[in-house]
Structures are given as C-alpha cells and as structure tokens.
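Data first, discussion second: the structure below is written as structure tokens.
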Amino acid sequence: AFLAEVRKDLEQGMLSPRVLNDPDIHRAELDRIFTRCWVFVGHISEISDPGDYVLRYIGEDQFILVRDESGEIQLLMNNCVHRASPVCRAEKGNTSHFRCPYHGWIYKNSGEWNGAPFRAKAYPKIDTARWGLRKAPHVDSYQGLIFACLDPQAMPLREYLGDMCWYLDVLFGLNEQGMRVAGDPHRWIVPANWKSGAENFVGDAYHVQSAHRSLEDIGLLPDAGGASTGNFHVTLEGGHGLIVSRGFLPEPHYGIMDYPSEVTSTFDLTRFDADQREFLESRYTVVGFTIFPNLSLIHAATPPEPGLPPVSFTCLRQWQPRGSEEFELWNWPLVWNAAPPEFNHASYDASVLGFSPSGVFEQDDTVVWRGGPMVGRSAFARKDMKLNFEMGLDGMSDYEPRLDWIGPGEASTSAFGEKNQRRWWQRWCDALASS
Ligand code: FES
Ligand code: FE
C-alpha cells in the first residue's frame, strides 16, 4: 500500500521522506533490489592477472572479486561454508587459494573446496563439489566495468544496461587501450541514505547554482548557474539516466569530451557508429549518470588547484547502503592508459580536489543529503510530509523534449526538470514491488 502511494505521489510530483530512513524499506531494498539487479563490483583493471582479488559489496554482503587461475572473473561470497567466518581479510592481493582462519578449510580462487586440515580423518567423504564458496550466478563486464547479479533468473547484462551501453561506449571506448583505475577506490561513510546520491547523479544539475556556489567564488567553477541552463537530461529505460552537456573548454586546444589535444590525439573515432561520432564531434559530453541501482559517474573539468586551467577527469562512484541512515561512498578516479602521465596526474588531482573524502564538491553535496534521514525519522514529518518533485511536470517549467537528439533515450532541452529523478524512483518502486 505504501508503494502504491509512492507511485501515485510521484505522478503528482511528490515523495514521502520516509523512503530516506525507514529500516523496513532498507531491508526490502536488500532483499529485492540488491539481490536481483546487476550491481557494479569493480573495474577490469583492478584484477588484471590470475589470482588478483579485491573485496567488494553487493548491498551489505561482502564478496571477493577475483580472477581465477583460468582467467575467469568470479564473485565469491567472503564467508566460509563451515561456520561462516570471512575467509579473506585483506582488501586486495594476489592468491591461488583462500584459507579460512577458523578451522583452516581451503578454497581455490575459483571458489572450489580444496581441502581441510586432517582431511583424511575429519572429512574422508566430503562432497567437494557441493562445499565450495557461494558464488554470484552471473558476472559480466561492459567497457571495463564489471557487474554481478545474484539472481539466477537475471536478464543478460547488456539487456539490463540497455541504451546505457551506447553512452558507455562513447565514455570508455574512445580508444583500444581504454581506461584504468588510478589506484584504490576512496571510501568513506556519509550520514545520509544511499538513494540521495543515486538520485542526485541521475539528473540533479539544478543544485549546482546553490550547493556549489562557493566554488564559483573561489574560481573553481566558472559558471555555477550554467549547470541548469547548459546541461540537459537523457532519460533511459530501466531507471538509468544521464546529465549531458556540450563541451565548454575552448577549441582548438580542447576537443572531444573536453580533453586537450594530447589526449584526443589518442582517440580513434572509427570505433563508433555515425551517431556516436556525431555526438563526439559535436562536443557533447556526459557530465554524470546513474545506472540503477547505485553506480554513478562524474565527468567534469575543474582546475587541479585554484588558479590553474581546468583538467577533465572521470570518476565512477557507488552508493553502498550501510543501514537506512548511512551509506559508504566508494569513488574510483579513472585515467586513460594511452594519455601522457602528466595529464593523468593533473586529472587525478582535479578529481581529488573536487570529488573525494576531502573533495570540495563532495562536501557540499553530502552535507545537504543529511536532511533525508533527519526528516524521515521526525515524528512530526514522517506521517504526512511530502517532498516536492514537481519540476518539469507537464510544461510546468522551461523543460521540453529535445526532438532532434542523436543518441538513444528521451532528451530534454534543459536541466530544469526532475524527470530522471522521478523515473529513478519509479524504477525503485517497480523493483520493490516485484515478488
Ligand atoms: Fe571456516 Fe570453520 S569456519 S573452516
Ligand atoms: Fe553536486
């Protein structure tokens, strides 16, 4: 009944703040969203050699993302099938086997049971095929991004991503060499609900003129107000959505995706179809996206320190639920394998100054998201308070369909709307309502 009310509210441009703190909703999200959707677990460059592994999360469950001896990528639950102890306690490394610290059971890096102390006496008849580590039934990657799905009945990853594949191509497929992570992901706890981050990155360009206004004052952001007028939305099926813009750094030194010529000279546009080439050559750029449920991207250009010229950077970020009132933010700055090292350094520095635990944009954003749990737990508010989601409903704002859009999805003329956000929340309702 509550979900029916949320759906009806969304159609009218409203949302109950209960969704941002309720523990029962949180439990339902773990049961119905994180065990059924394709969830991002890492970048291909984090586990390039056999035996490489990193610890990752789907919802609140911990997994080992590992490349096994045969080169296959596996996602193994990090809990022993004997008494559930975590078998791997290092955040990353390289190993052929995992040995449980409790009684010493040993698993191959493919997850298979491989032995136990005093095996001949203790387990002479164990069914070794039965007692491996639990593993995700589906793991697949697209443009270097690895996703896993815990639902055996899942649709294929490409179908789940749908039209987002087109945009992942233009973001990550600009050359054969591709991108890699610039070190380990940054991670830190934010006192807010994970959905506030996912919703912000799916379409909220409107907050920039206010939340990030001080960055204009100190010279890190040339035109905070331009974020709503210059950016626009692309709405995709499946709750995915993008914030798109048109390059603002001056030619001829800057070109495709706001990269300078020493980087664009490494790009190979013959890899794309005619529409994707037109997108890139017209200097459209993806500023941000959210792939339902909790993976987002920021691709922007800011100075690596005040006073220097802006440098383009790209970060993947994930909103990991930790209870209903906190999330862990994971952030992976990415660099181009074929770009000059000096550019990659400057790009990393620009991303850290803006988006990281100490990031100036990040602090602006995370502090305002605290309001969700506050009002969700308020006895006065939770009964009947509604949040306003009206912007862009039925011509109520300067927000029209962009009829000649060259890419897939429905594009808008500006970011003075909340269609992407409403669609994200509708998808959230669909996922929670599925039996
Ligand atoms: Fe792992 Fe006993 S809990 S070996
Ligand atoms: Fe922001």
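The values are calculated or read from the model by the stated rules, or taken from the named source; none is laboratory data. No experiment lies behind these values; they were computed from the predicted model shown. So basically every Cβ, Gly included, is an ideal-geometry build from the backbone, and we count neighbours across all protein chains shown.
When D398 is evaluated against the numbered criteria (1) in contact (Cβ under 8 Å) with a residue 40 or more places away in the chain; (2) among the acidic types (D, E); (3) more than 16 Å from ligand 2 (Cβ to nearest atom), which criterion, by number, is the only one it fails?
Of (1) in contact (Cβ under 8 Å) with a residue 40 or more places away in the chain; (2) among the acidic types (D, E); (3) more than 16 Å from ligand 2 (Cβ to nearest atom), only one is false for D398: (1).
So which of L316, L308 is hydrophobic (A, V, I, L, M, F, W, C) and in a loop (DSSP other than H, G, I, E, B)?
L308
Matching residues to (1) farther than 17 Å from V41 by Cα; (2) aliphatic (A, V, I, L, M):
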residue	(1), (2)
L161	no, yes
W166	yes, no
V170	yes, yes
E176	yes, no
M179	no, yes
W188	no, no
A198	no, yes
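Scan the range 379-395 for residues that are without any contact (Cβ under 8 Å) to a residue 60 or more places away in the chain and out of contact with any Phe, Trp or Tyr (no Cβ under 7 Å at 6 or more places or on another chain) and jot them down.
Answer for the range 379-395, where residues must be without any contact (Cβ under 8 Å) to a residue 60 or more places away in the chain and out of contact with any Phe, Trp or Tyr (no Cβ under 7 Å at 6 or more places or on another chain): A379, F380, K383, D384, D394, G395.
Looking at S196, S214, S210, S228 in this structure, which one is of a type outside the set (D, E, K, R), more than 29 Å from D273 (Cα to Cα), within 14 Å of ligand 2 (Cβ to nearest atom) and touching a Gly at 6+ places or on another chain (Cβ under 7 Å)?
Result of the check over S196, S214, S210, S228: S196.
(1) of a type outside the set (K, R); (2) away from ligand 1 (no atom under 16 Å from the Cβ); (3) in a loop (DSSP other than H, G, I, E, B); (4) exposed (fewer than 15 other Cβ atoms within 10 Å of the Cβ): which one isn't true of A84, the others all being true?
It fails just one condition, (2).
What number of residues in the range 211-228 are surrounded by fewer than 16 Cβ atoms within 10 Å (Cβ to Cβ) and under 23 Å from R402 (Cβ atoms)?
2
Which pairs have Cβ atoms under 6 Å, sit 6 or more apart or on different chains, and link a residue in the range 220-245 that is free of Cβ contacts under 8 Å to residues at least 24 places away in the same chain to one that is part of a helix (DSSP H, G or I)?
A224/V208; A224/Q209; A224/R213; A224/E216; G225/Q209
If you take the residues in the range 39-49 that are in contact (Cβ under 8 Å) with a residue 24 or more places away in the chain, surrounded by fewer than 19 Cβ atoms within 10 Å (Cβ to Cβ) and not β-branched (V, I, T), which one is farthest from E328 (Cα to Cα)?
Among those residues, the one meeting the criterion is D49.
For the range 213-231, check the following and say yes or no: at least one residue is within 27 Å of L174 (Cβ to Cβ) and part of a strand (DSSP E or B).
Looking for residues that are within 27 Å of L174 (Cβ to Cβ) and part of a strand (DSSP E or B), one finds none in the range 213-231, hence no.
Please determine, by comparing only the residues of the range 362-397 that are at pLDDT 90 or above and of a type in the set (D, E), which one is nearest to ligand 1 (Cβ to nearest atom).
The extreme case among them is E362.
Residues of the range 289-344 being more than 12 Å from the chain's Cα centre (by Cα) and aliphatic (A, V, I, L, M), which ones?
A300, A301, L308, V311, L334, V335, A338, A339
Just give me the residues in the range 416-435 being in contact with a Gly (Cβ under 7 Å, 6 or more places away or on another chain) and either closer than 17 Å to A205 by Cβ or among the acidic types (D, E) (or both), in sequence order.
Of everything in the range 416-435, those that are in contact with a Gly (Cβ under 7 Å, 6 or more places away or on another chain) and either closer than 17 Å to A205 by Cβ or among the acidic types (D, E) (or both) turn out to be F416, G417, E418, K419, N420, Q421, R423, W424.
If we keep just the residues of the range 87-125 that are more than 9 Å from ligand 1 (Cβ to nearest atom) and charged (D, E, K, R), which is surrounded by the most Cβ atoms within 10 Å (Cβ to Cβ)?
K108
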